[in-house]
Number of protein chains: 4
Amino acid sequence: MAYEFKLQRRVEFSETDAAGIVHFSNFFRYMESAEHAFFRSLGFSVMLKDYDPPLGFPRVHVECDYRAPLRFEDLFEIHLLVREKKPKALSYLFKFRNLSTASSLEAARGGLTVVCVAHHPDGRLVSAKIPHPIAEQIHVAPPELLG
Amino acid sequence: MAYEFKLQRRVEFSETDAAGIVHFSNFFRYMESAEHAFFRSLGFSVMLKDYDPPLGFPRVHVECDYRAPLRFEDLFEIHLLVREKKPKALSYLFKFRNLSTASSLEAARGGLTVVCVAHHPDGRLVSAKIPHPIAEQIHVAPPELLG
Amino acid sequence: MAYEFKLQRRVEFSETDAAGIVHFSNFFRYMESAEHAFFRSLGFSVMLKDYDPPLGFPRVHVECDYRAPLRFEDLFEIHLLVREKKPKALSYLFKFRNLSTASSLEAARGGLTVVCVAHHPDGRLVSAKIPHPIAEQIHVAPPELLG
Amino acid sequence: MAYEFKLQRRVEFSETDAAGIVHFSNFFRYMESAEHAFFRSLGFSVMLKDYDPPLGFPRVHVECDYRAPLRFEDLFEIHLLVREKKPKALSYLFKFRNLSTASSLEAARGGLTVVCVAHHPDGRLVSAKIPHPIAEQIHVAPPELLG
């Protein structure tokens, strides 16, 4: 059973922009990398190719609030928390802390809501129940962590 | 005076992912490209280097809702609408339509809230009023377009 | 019959890095966008899904020489030239000119060598002859353009 | 004194494309991440802001040969080797091995040639000698490793 996951990364040069800071779109790539590492920590991939049809977890809603910029070579932590769990959907909260600042400043806070879908051979994406072996391992984080 | 801007793009291969669709993070790059083209259409750049200190428009909040995937070589329209205007901030709504589908299906709907900041030489970003020549050209879209 | 293609683009903010210039890796995305537009101009996609197994054109060798940086909002031209044509492979030369400079300065020169492959259902990529309807439309550029 | 550096990474979903493999342009981002980690291992950043004017290492030539694709979640090794050292330039060779295959298959082999430049306040980039504290720590790899 798990409701959180922490990942550390260092800002890469290709993730910065001409304002000298991480391009805002890359926070979504960071969130996704934490989400996928969370699944791997449970023994699964987010691309479930052994199911027929194969299952995946596309996003239906995402958001991010930016508080302080991240810069090249800053070390930061992504803290994933499970915010909501439904039969066919999961919602995550992500807190970014800049470990290269004295007080581990919160850099941003974001969210992803994903649905489980079956990839049909004709290209259609059809919503599906999250497989039991995965669903049973994931539960919602305590409210005090989601504040 | 302007409250909207439309831009057409075609999905590039490097914007797709192994699920065969545009990676969700790229919708934010698309929104930004429309925002910057909107500014150019008014005669300005979003990087205001002639001000001292230089001004820019970092994001404080962004979000996106995904309804139907975009695929390689799909032609789509990004419709920018000014959602809110404050002395130091602007908020945009973006509607994505897939022009490669029969009914120009709405693929996604997103938003960016940006603040005007001064880039001080010591690296600090300090919020600032949107310069008058820009602010006077931008107004909020009629409510019926924002629905 | 075609041996060249020209495409204009404007540098987007998300393509720049903290050095204030286009990140060097993005020149390869630019080359690819010109290659794909070249194929579309001939009436084809580079993803040939109607073949069984489907055909594609992965890269086997790429290179780029950088001469002058491109910056945010610079307008530039990508000039694709067919450098070599073999039964299963094509090689392209790309010349980048910065149209935002007085003399349309050459910013970079790059190359892509691609092979035609069949995507077998088991995941294997097997080299294949370029389909005749495509191959017959492409020929090598005159030597004086390749200098 | 150092002439090599090894880095392990796992393929992220946002690095793949609709062909189901790592987009070829991302190998250059991987090379750069190894180059920057190599510099950090020597106690330096590639952005030398304490020099006046600040120094950096833009690329003048890059290339890559692709042998076998990398796929989502593959674990791979980037092996950086110093190929050439000049007063104002460095050239690196990079060997990519896919650690998720039985035989740690070589996936690609690439190269970067970088020059040391001073970023003048007026925007000009002027070539400069690599600072002695850095240059003295880097030497060329033995020929048998560069084969």
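At a glance:
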{"quantity": "q = 0.15, 0.19 Å⁻¹: log10 I(q)/I(0) that the Debye formula gives for segment C:103-147, counting C-alpha atoms only", "calculated": "-0.67, -0.85"}
{"quantity": "Estimated vicinal HN-Hα couplings, Hz - segment A:96-109 in sequence order (Karplus 6.51, -1.76, 1.60; Gly, Pro = x)", "calculated": "9, 10, 8, 6, 8, 9, 3, 9, 6, 3, 6, 8, 6, 9"}
{"quantity": "Relative compactness, segment C:4-146, computed as alpha-carbon Rg over 2.2 N^0.38 Å", "calculated": "1.12"}
{"quantity": "Nearest-10 value in Å² for the accessible area of B:LEU105, using the 1.4 Å probe", "calculated": "80"}
{"quantity": "Pairs from C:LYS88/D:LYS85; A:LYS49/A:LYS129; A:LYS6/B:LYS88; D:LYS49/D:LYS88; C:LYS6/D:LYS85 whose Cα-Cα separation, in the structure shown, is over 26 Å", "calculated": "C:LYS88/D:LYS85; A:LYS6/B:LYS88; C:LYS6/D:LYS85"}
{"quantity": "Projected label distance in nm at A:ALA135 and C:ALA135, using a 7 Å step from Cα toward the beta-carbon", "calculated": "5.3"}
{"quantity": "By accessible area with a 1.4 Å probe, ligands and nucleic acids excluded, highest first: order of D:LEU99, B:LEU42", "calculated": "D:LEU99, B:LEU42"}
{"quantity": "Charge dipole (debye, nearest 20) of segment D:4-146; +1 at Cβ of Lys and Arg, -1 at Cβ of Asp and Glu", "calculated": "240"}
{"quantity": "Nearest-first distances (nm) between copies at B:LYS86, label 7 Å from Cα via Cβ", "calculated": "3.0, 5.4, 6.1"}
{"quantity": "Value at 222 nm in deg cm²/dmol, rounded to 500, when DSSP H runs of n ≥ 4 in the protein assembly as shown each add -39,500 (n - 2.57)", "calculated": "-4500 deg cm²/dmol"}
{"quantity": "Loop-resident sites, segment D:58-128, for trypsin sites (Lys or Arg not before Pro), counting at most 13 other Cβ within 10 Å (DSSP)", "calculated": "D:ARG67, D:LYS88, D:ARG124"}
{"quantity": "Listed residues D:GLU4, B:GLU15 arranged by accessible area, highest first, probe 1.4 Å", "calculated": "D:GLU4, B:GLU15"}
{"quantity": "For C:SER100, label point 7 Å along C-beta direction: distances to other copies, nm", "calculated": "2.6, 2.8, 3.8"}
{"quantity": "Average silhouette area of the protein assembly as shown, convex hull of alpha-carbon atoms, in square nanometres", "calculated": "28.2"}
{"quantity": "Listed residues D:VAL115, D:VAL82, D:VAL62, most fluctuating in chain D (Gaussian network, C-alpha, under 10 Å)", "calculated": "D:VAL62"}
{"quantity": "Summed side-chain charge close to A:ALA118 - residues other than A:ALA118 whose Cβ falls under 11 Å, Lys, Arg +1, Asp, Glu -1", "calculated": "+2"}
{"quantity": "Average silhouette area of segment C:15-87, convex hull of alpha-carbon atoms, in square nanometres", "calculated": "6.7"}
{"quantity": "Two-site FRET efficiency, A:HIS120 against B:VAL126, from Cβ-Cβ distance with R₀ of 45 Å, rounded to 0.05", "calculated": "0.30"}
{"quantity": "Virtual paramagnetic centre 7 Å along Cα→Cβ of B:GLU77, amide N under 12 Å, in segment B:3-17", "calculated": "B:5-9"}
{"quantity": "Residue with peak Gaussian network fluctuation, chain C [Cα springs, cutoff 10 Å], from C:VAL60, C:VAL114, C:VAL11", "calculated": "C:VAL60"}
{"quantity": "Placed amide H near C:ALA18: partners under 5 Å, 5+ positions off or other chain", "calculated": "A:THR16, A:ASP17"}
{"quantity": "Positive minus negative residues near A:GLU4 (Lys, Arg vs Asp, Glu; Cβ under 11 Å)", "calculated": "+3"}
{"quantity": "Charge tally in the Cβ shell below 14 Å around C:LEU55, where Lys, Arg are +1 and Asp, Glu are -1, C:LEU55 excluded", "calculated": "+2"}
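The values are calculated or read from the model by the stated rules, or taken from the named source; none is laboratory data. From a predicted model like this one, the values you see are computed outputs, not experimental measurements. Ideal geometry is used to build each Cβ from the backbone, glycine not excepted, and the neighbour counts take in all protein chains shown. Surface accessibility is based on the protein's heavy atoms, side chains included, excluding ligands, DNA and RNA. Shrake-Rupley method; radii C 1.70, N 1.55, O 1.52, S 1.80 Å.
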